[in-house]
Amino acid sequence: MPNTDGLRLALLSNRFEGIARKMANTLLRSSRSGVINMARDFSCCIVTRDHELLTAADSLPIHVLSGPDLMARAVQQFHPQLKAGDAFLHNSPYHGCSHAADHTILVPVVDAVGVHRYTVLVKAHQADCGNSQPTTYMGAARDVYEEGALIFPAVKVQQDYRDIDDIVRMCEMRIRVPSQWHGDFLAMVGAARIGERELLALGQELGWDSLHGYERDYFDYSERRMAAAIRCVPAGRASQTSTHDPVPGMGDEGIPIQVDVQIRPEEGLVEVDLRHNPDCLPIGLNLSEACSRTSAMVGVFNSIDHSVPKNAGSFRRIRVLLRENCIVGIPLHPTSCSAATTNIADRVANGVQSAIAGIADGIGLAECGGVIPLGGGVVSGSSPVTGKPFVNQVIIGVSGGAAGPSADAWQLIGHVGNAGKMFIDSIELDELRQPLHIHQRRFLRDTEGSGRHVGASSIHVEFGPVAGASITVAYGCDGVVNAAKGVRGGLTGALASQGLRDEQGRARTLPAWGQLTLSGKERVFSSSSGGGGYGEPAERDATRVAYDVAERWISAERARAVYKVEVDSAGRLDVEKTLLLRRAPESDHPGLHHPIPNSPTHQEAS
């Protein structure tokens, strides 16, 4: 029987979540790189002494659903005697981290008598992690050696609360922006120490036995909630393939990722089998074990009652089947997992949630759009004012949200693994921090994944260097060939694209993957992937369609052809003509295909 009553369970849950939020606020306000303090590409969480995720308030799902448990176990394995004042730097994708760019500080919380009680983790995506090229997403890297990142498998970086300077010097010699990295390092350590301090105070206030009893009861409660949510879903099996675009040098057929999902309501269990996929490839898109497990779990949690707590208790009801040396499994050294958090991981999550949508209406989710377009690329170079190097991932224009069974898409989800927890950059701050000028950012009309509920529209951005500067932009975009698919009759979102405008203003298309240097009046432009729709477009509420026309999300022509809704020249819904359209045979009203992104037929939405 549980020892913690419902009220105390709620209060303690909020206390632990509050500690995680204090850690996050510390990092947000004291970090130096824009990818952390503007885009919020970081996560903070608390793991039990048994290495189980307890809370990860306001964190990115791809960072924390699986991985903190594996990393904490690695720390214990490599350092059996944990002491107060220890801190460890971990980014090894072979020992539980997501990918090498996600530096993680782990601090064991050790009480006054030397007993290990918790571990706090602070994970933050780095502007530069020592890669051989100025990007943290090296999708074309043949192995970890070509990738070039510094790998730290749970390496001690503090002892007795003092830095081990050897490790710091190593990073400062290899990373292109050493002072920026060191500032972020100190911010991460400070955030972890805040968590340590707060947990020690909570243990002193309430007693360690009481807190550990709460953990057991909270996990059991979360498991019951998860089992109940699964019992509300019909039983069924479904297989889905979500295909990543072709990768340079790997053929033209793309990389199909198959997911096999089985829902067993009577057992309160969801099983996701990822074993029927290709072996690891000589590219940087292979998933780490953490990202393989997490991406499957993201798809499951996106498909059921959203209020179920995400912790080790609810995880007991998700079974993810993996195999070694599989592109979506358990990689072996020296496989490169440079872009493990994004491209292929999104294909796994999309496959799971769209497969579940195929089992029954009212559950699951359409596919989210692919990443990483130029509008989410890594910019680097030297400042024309100071002469100092800069490196940063800019999140200028990424949308991609998928439609659900009861709501339209979250436009700025970024990608499915981030779940909207990352923010889109401020134009003004990006222009202050890097020598670049953003010429435009706008939504594109008629790019949504049409449906009863609609997917996100594409965002178009155009930017280039300021006068006297040059900038290098690295990107690796999925969704240029294979659009985000709709479910249950919903249509695909618009394809992504990117291009270059030369000094004379002439535009040409760029490949989906690349790295280029801009100078003078050169600019790049990109359109992000739209998200898939959910349900038949002709089932969408007609007044909502008219509103979308009035707000310039879609055109009157698209409303008529795709949604079978007539809007008059004044923007008002024509009820009689709409009824006639929706009663007419389907063959009389063919769907409207997406125009080519960035073509003159695209109009901006307000």
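Any idea how many residues of segment 552-577 are open to solvent by less than 70 Å² (accessible area, probe 1.4 Å) and out of contact with any Lys or Arg (no Cβ under 7 Å at 6 or more places or on another chain)?
The total comes to 12.
May I ask you to list the residues in segment 528-544 that are assigned to a helix (DSSP H, G or I) and either under 14 Å from L581 (Cα atoms) or in contact with an Asp or Glu (Cβ under 6 Å, 6 or more places away or on another chain) (or both)?
P537, A538, E539, A542
Pick out the one residue from G284, G299 that is at pLDDT 95 or above and in contact with a Ser or Thr (Cβ under 7 Å, 6 or more places away or on another chain).
Of the residues listed, the single one that is at pLDDT 95 or above and in contact with a Ser or Thr (Cβ under 7 Å, 6 or more places away or on another chain) is G284.
For segment 503-525, which residues satisfy the criterion of being surrounded by fewer than 13 Cβ atoms within 10 Å (Cβ to Cβ) and either assigned to a loop (DSSP other than H, G, I, E, B) or under 25 Å from the mean Cα position of the chain (by Cα) (or both)?
E503, Q504, G505, R506, P511
Being touching a residue at least 40 places away in the same chain (Cβ under 8 Å), of a type outside the set (V, I, T) and open to solvent by 10 Å² or more (accessible area, probe 1.4 Å) narrows it down to one of H99, H95, H63, so name that one.
After applying the criteria, what remains is H95.
Take G236 and tell me if it is of a type in the set (G, A, S), more than 30 Å from G370 (Cα to Cα) and open to solvent by less than 40 Å² (accessible area, probe 1.4 Å).
no
On the basis of being at negative phi, touching a Leu at 6+ places or on another chain (Cβ under 6 Å) and β-branched (V, I, T), does V157 make the cut?
Yes.
Would you tally the residues in segment 472-494 being among the hydrophobic types (A, V, I, L, M, F, W, C), buried (at least 24 other Cβ atoms within 10 Å of the Cβ) and either at pLDDT below 95 or farther than 23 Å from A538 by Cβ (or both)?
3
Tally time: how many residues in segment 444-472 are in contact with a helix residue (DSSP H, G or I) (Cβ under 7 Å, 6 or more places away or on another chain) and more than 15 Å from V371 (Cβ to Cβ)?
4
Listed residues G85, G18; which is open to solvent by less than 10 Å² (accessible area, probe 1.4 Å), modelled with pLDDT of 95 or more and touching an Asp or Glu at 6+ places or on another chain (Cβ under 9 Å)?
G85
Of these, R162, R231, which one is of a type in the set (K, R), within 30 Å of A101 (Cα to Cα) and open to solvent by 10 Å² or more (accessible area, probe 1.4 Å)?
R162
Go over the candidates E205, E198, E172, E223 one by one and state the one that is surrounded by fewer than 16 Cβ atoms within 10 Å (Cβ to Cβ), touching a helix residue (DSSP H, G or I) at 6+ places or on another chain (Cβ under 6 Å) and not in a loop (DSSP other than H, G, I, E, B).
After ruling out the rest, the residue left standing is E172.
Could you count how many residues in segment 232-277 are under 30 Å from S307 (Cβ atoms), free of Cβ contacts under 8 Å to residues at least 60 places away in the same chain and either part of a loop (DSSP other than H, G, I, E, B) or touching a Gly at 6+ places or on another chain (Cβ under 6 Å) (or both)?
Looking only at that region, the number is 5.
In the list D184, D220, which residue meets the criterion of being in contact with a strand residue (DSSP E or B) (Cβ under 7 Å, 6 or more places away or on another chain) and of a type in the set (D, E)?
The unique qualifying residue is D184.
Residues of segment 175-184 being surrounded by 15 or more Cβ atoms within 10 Å (Cβ to Cβ), in contact with an Asp or Glu (Cβ under 9 Å, 6 or more places away or on another chain) and in a helix (DSSP H, G or I), which ones?
Of everything in segment 175-184, those that are surrounded by 15 or more Cβ atoms within 10 Å (Cβ to Cβ), in contact with an Asp or Glu (Cβ under 9 Å, 6 or more places away or on another chain) and in a helix (DSSP H, G or I) turn out to be P178, Q180, W181, H182.
Count, please, the residues in segment 453-468 that happen to be of a type in the set (G, A, S) and open to solvent by 10 Å² or more (accessible area, probe 1.4 Å).
2
Could you check segment 451-492 and list, in sequence order, the residues that are of a type in the set (V, I, T) and closer than 30 Å to S380 by Cα?
I459, V461, V466, I471, T472, V473, V480, V481
In segment 290-326, what count of residues is obtained for those that are farther than 23 Å from G420 by Cα, open to solvent by 20 Å² or more (accessible area, probe 1.4 Å) and not in a strand (DSSP E or B)?
Number of matching residues: 5.
Check E271, E267 and return the single one that is open to solvent by 20 Å² or more (accessible area, probe 1.4 Å), of a type in the set (D, E, K, R), at negative phi and in contact with a strand residue (DSSP E or B) (Cβ under 6 Å, 6 or more places away or on another chain).
Just one listed residue meets the conditions, E271.
Out of the residues in segment 1-15 that are open to solvent by less than 90 Å² (accessible area, probe 1.4 Å) and assigned to a helix (DSSP H, G or I), state the one that is farthest from L53 (Cα to Cα).
G6
Exactly one of these conditions fails for E196: (1) under 23 Å from G34 (Cβ atoms); (2) within 28 Å of the chain's Cα centre (by Cα). Give me its number.
E196 satisfies every listed condition except (1).
Go through (1) among the β-branched types (V, I, T); (2) over 26 Å from I327 (Cβ atoms); (3) within 23 Å of the chain's Cα centre (by Cα) and name the single condition T135 misses.
With respect to (1) among the β-branched types (V, I, T); (2) over 26 Å from I327 (Cβ atoms); (3) within 23 Å of the chain's Cα centre (by Cα), T135 is out only on (2).
Residue by residue through segment 134-169, note down the ones that are outside any helix (DSSP H, G or I) and either without any contact (Cβ under 8 Å) to a residue 40 or more places away in the chain or among the hydroxyl-bearing types (S, T, Y) (or both).
Of everything in segment 134-169, those that are outside any helix (DSSP H, G or I) and either without any contact (Cβ under 8 Å) to a residue 40 or more places away in the chain or among the hydroxyl-bearing types (S, T, Y) (or both) turn out to be T135, T136, Y137, G148, Y161, D163, I164.
Could you go through segment 28-36 and let me know if any residue there is under 19 Å from the mean Cα position of the chain (by Cα), under 24 Å from A419 (Cβ atoms) and open to solvent by 10 Å² or more (accessible area, probe 1.4 Å).
Yes; the residues of segment 28-36 include at least one that is under 19 Å from the mean Cα position of the chain (by Cα), under 24 Å from A419 (Cβ atoms) and open to solvent by 10 Å² or more (accessible area, probe 1.4 Å).
The values are calculated or read from the model by the stated rules, or taken from the named source; none is laboratory data. Source: prediction; values computed, not measured. So basically every Cβ, Gly included, is an ideal-geometry build from the backbone, and we count neighbours across all protein chains shown. Surface accessibility is based on the protein's heavy atoms, side chains included, excluding ligands, DNA and RNA. Shrake-Rupley method; radii C 1.70, N 1.55, O 1.52, S 1.80 Å.
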